[in-house]
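The values are calculated or read from the model by the stated rules, or taken from the named source; none is laboratory data. Values in this document were obtained by computation on a predicted structure and should not be read as measured data. Every residue, glycine among them, receives a Cβ derived from its backbone with ideal geometry; neighbour counts consider all protein chains shown.
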Amino acid sequence: MRIKLVIVLILAVFTAGITFSILIINNKNISEVDLVAINDVVKTVEKNWGQVSEETFHNSDIKQPFSIIDHLGNVIYETPGNHFNNIYDGIKNRDTFIDLKHNNMIVGKIIIRNNEQEIVGKMKSELVTFISLTLGLLMTISTLFIIYIYRTLLKPFQQLQNFAVNVARGNLDVPLNMDKNNYFGAFTESFDILREELNAARQKEYETNRSKKELVATLSHDIKTPVASIKAVSELMLMQTKDEKVMKQVNIIYSKAEQINLLVTDMFHATLEELQQLKLIVTENSSEILADMIENVNYDHQIVYESIPQCIILTDPVRMQQVIDNIISNSYKYAGTKITIKSQINQGYLELHIIDFGCGISEDELPLLFNKYYRGKNVGGKNGSGLGLFISKYFMENMSGQISSYIRNDGFTIVLKIKLA
């Protein structure tokens, strides 16, 4: 409706401009020569020659300006506002010349002023002024109309474009702010409702996934309790029995319980890590605690380690124990050899080199070793989830440390770099 009103207003202004221009042209008629009035003036001048003055033409009906000159070209009289220069200019202006006679002799001339050029010039001036005003008004209306079009049509589309970019990037919290009274009011409101629905659906999906992960974490934690009981009973039976067959069977039970325990632990940690619940409390500790951690996993006295340098390290003892457990467990499982641990202080870190003498892995697998769920080609049917080294890397980096590995000709080495206080 508003656009139609503006279009009608533009057409009205344009039509008014054309109409008034025509009226100006029609009203500027060039006055016709009044021959009777001119003839009366001629007779009056000839009759009063030598005594011509303003009162001589007091009763004259002539409306055109005129001048009276003598035979020498001197101006004897001219109407107010009229200015005679010379005969040459009069001829150039197409003035009318009439001879004046006195005693049958030409004594002068009446020059009737041709005001056609003045009328045309005035008409041109009025036309230019009016057309300029009309064009200025049209330009003003057009500018306001363009601004209106931008605000009501183009700007909403720009806002929709920015809104679509935010939705594509997943920024569903940014509302579509737009005047609902414009042409796209209901249309844009539908888009904003869509954004709210998508945001609600994403939040619901997040809560559902979180509930599932919390359930897995809870079950994983609860499973560890009976598994620990199975391991404890198995250890007690191993201490009490002397029958080799029974010992072998109990060892199998203990081994499988340990595998279940490791798998459940990995699943528990991975779930918590996705939930961002793997909290680390890094404190200053003596390096002596590392010896105790190594002894905790030295089940069969397969680990040989040097004296660890005395220093203060930044670590979370619980998480560091899990890191050492994961690495030693992998060495037991995949290398099956003795393990040597060397330590040194180097560039602000305490380094632990955990060395086994197994077949190791290939060079092309080395960059993938710490990836989530990755298992090497040398697993040989052994149980595992591919999470142990991934979780170890997560712990080390969050304790401002590092973990790396390299292949030797006679085995494989994991390097732990623990930050010094």
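For Ala232, the conditions (1) aliphatic (A, V, I, L, M); (2) over 30 Å from Tyr373 (Cβ atoms); (3) at pLDDT 80 or above are fulfilled apart from (3). Of note, Lys224 satisfies the criterion of being surrounded by 11 or more Cβ atoms within 10 Å (Cβ to Cβ), part of a helix (DSSP H, G or I), at pLDDT below 70 and in the same structural domain as Val250 (by TED's automatic domain parsing). Residue pairs whose Cβ atoms lie under 6 Å apart, separated by 6 or more positions or on different chains, with the first residue in segment 337-348 and in the same structural domain as Ile327 (by TED's automatic domain parsing) and the second small (Gly, Ala, Ser), are Thr337/Gly358; Ile339/Ser331.
Table: residues versus (1) part of a helix (DSSP H, G or I); (2) touching a Ser or Thr at 6+ places or on another chain (Cβ under 6 Å).
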{"site": "Trp49", "(1), (2)": "no, no"}
{"site": "Phe84", "(1), (2)": "no, yes"}
{"site": "Tyr88", "(1), (2)": "yes, no"}
{"site": "Ile110", "(1), (2)": "no, no"}
{"site": "Ser132", "(1), (2)": "yes, no"}
{"site": "Leu138", "(1), (2)": "yes, no"}
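When the residues of segment 334-360 are narrowed to those that are in a loop (DSSP other than H, G, I, E, B) and among the hydrophobic types (A, V, I, L, M, F, W, C), which ends up farthest from the chain's Cα centre (by Cα)? Among them, the one singled out is Phe357. Note on segment 327-360: residues that are farther than 23 Å from Ile312 by Cα and of a type outside the set (Val, Ile, Thr) total 14.
Okay, residues lined up against (1) surrounded by 16 or more Cβ atoms within 10 Å (Cβ to Cβ); (2) under 19 Å from Gly388 (Cβ atoms); (3) at pLDDT below 90:
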position	(1), (2), (3)
Glu284	no, no, no
Met293	yes, yes, yes
Glu306	no, no, yes
Ile312	no, no, no
Thr315	yes, yes, no
Val318	no, yes, yes
Asp325	yes, yes, yes
Gln347	no, no, no
Leu352	yes, yes, no
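Residues that are among the small types (Gly, Ala, Ser), at pLDDT below 65 and assigned to a helix (DSSP H, G or I): does segment 201-211 have at least one? No, segment 201-211 contains no residue that is among the small types (Gly, Ala, Ser), at pLDDT below 65 and assigned to a helix (DSSP H, G or I).
Pick out the one residue from Gly73, Gly108 that is in the same structural domain as His58 (by TED's automatic domain parsing), out of contact with any Lys or Arg (no Cβ under 6 Å at 6 or more places or on another chain) and exposed (fewer than 13 other Cβ atoms within 10 Å of the Cβ).
Numbers: Gly108 fails: exposed (fewer than 13 other Cβ atoms within 10 Å of the Cβ).
Only one candidate passes the filter, namely Gly73.
Name the residues in segment 31-55 that are modelled with pLDDT under 70 and surrounded by 10 or more Cβ atoms within 10 Å (Cβ to Cβ), would you? Selection gives Ser31, Val33, Asp34.
Against the test of being modelled with pLDDT under 90, touching an Asp or Glu at 6+ places or on another chain (Cβ under 7 Å) and surrounded by 13 or more Cβ atoms within 10 Å (Cβ to Cβ), the options Tyr394, Tyr374 yield a single qualifying residue, Tyr394.
Note on segment 391-421: residues that are in a helix (DSSP H, G or I), in contact (Cβ under 8 Å) with a residue 60 or more places away in the chain and of a type outside the set (Gly, Ala, Ser) amount to 5.
Residues in segment 306-320 that are in a loop (DSSP other than H, G, I, E, B) and touching a helix residue (DSSP H, G or I) at 6+ places or on another chain (Cβ under 9 Å): Ser307, Ile308, Gln310, Asp316.
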